[in-house]
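The values are calculated or read from the model by the stated rules, or taken from the named source; none is laboratory data. Just so it is clear, the structure is predicted and the values come from calculations on it, not from any experiment. FYI the Cβ positions are ideal-geometry reconstructions off the backbone, even for glycines, and counts take in every protein chain you see. The accessibility values were calculated without ligands, DNA or RNA, using every heavy atom of the protein model including side chains. Shrake-Rupley method; radii C 1.70, N 1.55, O 1.52, S 1.80 Å.
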Amino acid sequence: MKIDVSSFSAPCPCGREHKIHVKDILIEAGAINKIPELLSEIFIGKPEEICIICDDNTYSAAGAQVEDKVKDCMVIVLPSKGLHADNHGVKLAEEKLADNIKLILAVGSGTIHDLSRYLANKRGIPFVSIPTAASVDGFVSTVAAMTWNGFKKTFPAVSPILVIADSAVFSKAPYRLTASGISDLLGKYTALVDWEIAHLVTEEYICNRVCDLELTALNEVCSCLEDLRGNVSEEKRLKAYEQLMYALLLSGIAMQMIGNSRPASGAEHHISHLWEMEVINSPLDAYHGEKVSIGLMIAAEAYHTMKDAIRSGQYEMVSYNGLDYMSLKESFGPKGLYEGMLEENTPDPLEQIDVMEFERLLPQIADIIDKLPSVDTIDELLTRGGCIKYVHEIGLDEHIIPKTICLSPFVRNRLTFMRLTKLIKLL
Ligand SMILES: [Zn+2]
Ligand SMILES: [Zn+2]
């Protein structure tokens, strides 16, 4: 399928004229064969001015095939072992990237994309995304999530101008990567509920069209989860993979349309980010989507429990006294992250909330939470997708859950229902 990208940038009922940076998206089996034709539409330089960036795994999965189509281009094959989106990874790629390169082709998964978009931005040149797994929603992101000298940082970077997603390639990725992509996608359930609640409580801007687009694509994937793993015809299997890739890319497009990650990231991602900071846990050997998966389960459980308490009156409001500096210092201080956390939480998104007014909105908030699938349904969807669901599956203990619920809302200055629950006490 060829995605008509222009339809996303038309004037919208939300009042904004959305801008998106990616110019063309092709998702189909054999898409790589169309590279010469697709590149000729966006690039007028010589093949020697094009560089493929991949790792040893993605070179054999698709890089060699791309090289064969582009001919005479430069190829950088990074070692997949221990490769991360960090200053070391950037250095490895940068010292090989010739000065005359005018276009980068990123052939790989999340890490290769982050390194490529960072370098493309630094050199002021465009890049093309050729994903080899439906593993994350960040392929068309405009920022690069990097670890710089041990600290997580988001760098300004560029969106790909073109996405060439070959389902004959990404449907053959190790299934763990695909399952991770499914989880990243299902995380939109809580992300979108958070957005809607924040809109209700603070009048934060929301675009209902973007929400509808995302939910439609998400529900479509939920209806064909078995096909991604099951014994179905190759045609049906490829179609399911294309649907998943479409939904993931759409989530990235939604972020471009809104200008930040609000449509794709809520309480479930904050949980993942907290664990990545390694302040209450040791380093985890888990993919982004796997952490989001468990974050989704934890957030959904917390939200539905709170909803039931609201409806049965089993709660009382808490007068808010600002940030709990003691517990923040205790948790983030030892890693030298306390100052950064204070900065992130200034202004404190809870400070603007009038508790009485918030209490008046609770019935409406409960109605919004009704849109979130039940914990059983989410559990079932994740099972059907072959995804991770529980903390122990990534080497964490159950005891980490209450602390995670308490601290995760602080990792980003974004109002989520998880953060708002600090104003409510369950009885
Ligand atoms: Zn809109
Ligand atoms: Zn994500």
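When you check residue 144 against the structure, is it under 27 Å from residue 409 (Cβ atoms), in contact with a helix residue (DSSP H, G or I) (Cβ under 6 Å, 6 or more places away or on another chain) and modelled with pLDDT under 95, yes or no? It is true that residue 144 is under 27 Å from residue 409 (Cβ atoms), in contact with a helix residue (DSSP H, G or I) (Cβ under 6 Å, 6 or more places away or on another chain) and modelled with pLDDT under 95. Within region 350-373, the residues that satisfy the criterion of being open to solvent by less than 80 Å² (accessible area, probe 1.4 Å) and under 16 Å from residue 318 (Cβ atoms) are 350, 353, 355, 357, 358, 359, 361, 362, 365.
Once region 1-15 is narrowed to residues that are in contact with a Phe, Trp or Tyr (Cβ under 8 Å, 6 or more places away or on another chain) and not β-branched (Val, Ile, Thr), the residue that is least open to solvent (accessible area, probe 1.4 Å) is 14. Just the residues that are aliphatic (A, V, I, L, M) and open to solvent by 30 Å² or more (accessible area, probe 1.4 Å), please, taken from region 405-427. Once the filter is applied, which keeps residues that are aliphatic (A, V, I, L, M) and open to solvent by 30 Å² or more (accessible area, probe 1.4 Å), region 405-427 yields 405, 426, 427. Evaluating residue 172 against the criteria (1) under 19 Å from the mean Cα position of the chain (by Cα); (2) within 23 Å of residue 61 (Cβ to Cβ); (3) surrounded by fewer than 17 Cβ atoms within 10 Å (Cβ to Cβ) leaves one unmet condition, (1). Note on region 380-404: residues that are open to solvent by less than 80 Å² (accessible area, probe 1.4 Å) and more than 25 Å from residue 175 (Cα to Cα) amount to 3. Residues that are assigned to a helix (DSSP H, G or I), within 16 Å of ligand 1 (Cβ to nearest atom) and out of contact with any Lys or Arg (no Cβ under 7 Å at 6 or more places or on another chain) within region 1-36 comprise 6, 7, 8, listed in sequence order.
Looking at region 239-336, the helices (runs of 4 or more DSSP H) lying wholly inside it that each contain 3 or more residues that are modelled with pLDDT of 95 or more and in contact with a Gly (Cβ under 9 Å, 6 or more places away or on another chain) sit at 267-277, 288-312.
Across region 198-225, the qualifying residues are those that are away from ligand 1 (no atom under 15 Å from the Cβ) and closer than 29 Å to residue 357 by Cβ, and the one among them that is surrounded by the fewest Cβ atoms within 10 Å (Cβ to Cβ) is 203.
Yes or no: region 94-108 includes at least one residue that is assigned to a helix (DSSP H, G or I) and either in contact with a strand residue (DSSP E or B) (Cβ under 8 Å, 6 or more places away or on another chain) or within 23 Å of residue 20 (Cβ to Cβ) (or both). No, the conditions are met nowhere in region 94-108. Taken together, the residues in region 17-57 that are within 24 Å of the chain's Cα centre (by Cα), touching a residue at least 24 places away in the same chain (Cβ under 8 Å) and surrounded by fewer than 14 Cβ atoms within 10 Å (Cβ to Cβ) amount to 1. Checked against the criteria, residue 166 does not count as modelled with pLDDT of 95 or more, in the same structural domain as residue 301 (by TED's automatic domain parsing) and in contact with a helix residue (DSSP H, G or I) (Cβ under 7 Å, 6 or more places away or on another chain).
Hey, does region 113-120 have a residue that's modelled with pLDDT of 95 or more and either surrounded by fewer than 20 Cβ atoms within 10 Å (Cβ to Cβ) or within 16 Å of ligand 1 (Cβ to nearest atom) (or both)? No, because not a single residue in region 113-120 is modelled with pLDDT of 95 or more and either surrounded by fewer than 20 Cβ atoms within 10 Å (Cβ to Cβ) or within 16 Å of ligand 1 (Cβ to nearest atom) (or both). For region 257-306, the set of residues classified as in contact with a Pro (Cβ under 8 Å, 6 or more places away or on another chain) and either away from ligand 1 (no atom under 16 Å from the Cβ) or closer than 23 Å to residue 366 by Cα (or both) consists of 267, 270, 279, 300, listed by residue number. Residue 60 satisfies every condition listed in (1) among the hydroxyl-bearing types (Ser, Thr, Tyr); (2) more than 14 Å from residue 105 (Cα to Cα); (3) open to solvent by less than 30 Å² (accessible area, probe 1.4 Å) except (3). Can we say residue 42 is among the hydrophobic types (A, V, I, L, M, F, W, C) and either at pLDDT 95 or above or within 16 Å of ligand 1 (Cβ to nearest atom) (or both)? No. When both residues are 6+ apart or on different chains and their Cβ atoms are under 8 Å apart, which pairs have a first residue that lies in region 4-16 and is farther than 18 Å from residue 164 by Cα, and a second that is outside any loop (DSSP other than H, G, I, E, B) and open to solvent by 90 Å² or more (accessible area, probe 1.4 Å)? That search, which allows pairs on different chains as well, returns 9/17; 10/17; 11/17; 13/208; 14/208. Checking the structure you have, find out if any residue of region 177-194 is closer than 24 Å to residue 2 by Cβ, open to solvent by less than 20 Å² (accessible area, probe 1.4 Å) and out of contact with any Asp or Glu (no Cβ under 8 Å at 6 or more places or on another chain). Within region 177-194, one or more residues are closer than 24 Å to residue 2 by Cβ, open to solvent by less than 20 Å² (accessible area, probe 1.4 Å) and out of contact with any Asp or Glu (no Cβ under 8 Å at 6 or more places or on another chain). Number of residues in region 226-272 that are open to solvent by less than 10 Å² (accessible area, probe 1.4 Å), outside the structural domain of residue 303 (by TED's automatic domain parsing) and β-branched (Val, Ile, Thr) equals 1.
Among the residues making up region 123-150, those that are in a strand (DSSP E or B) and open to solvent by 20 Å² or more (accessible area, probe 1.4 Å) are 143, 145, 147, 148.
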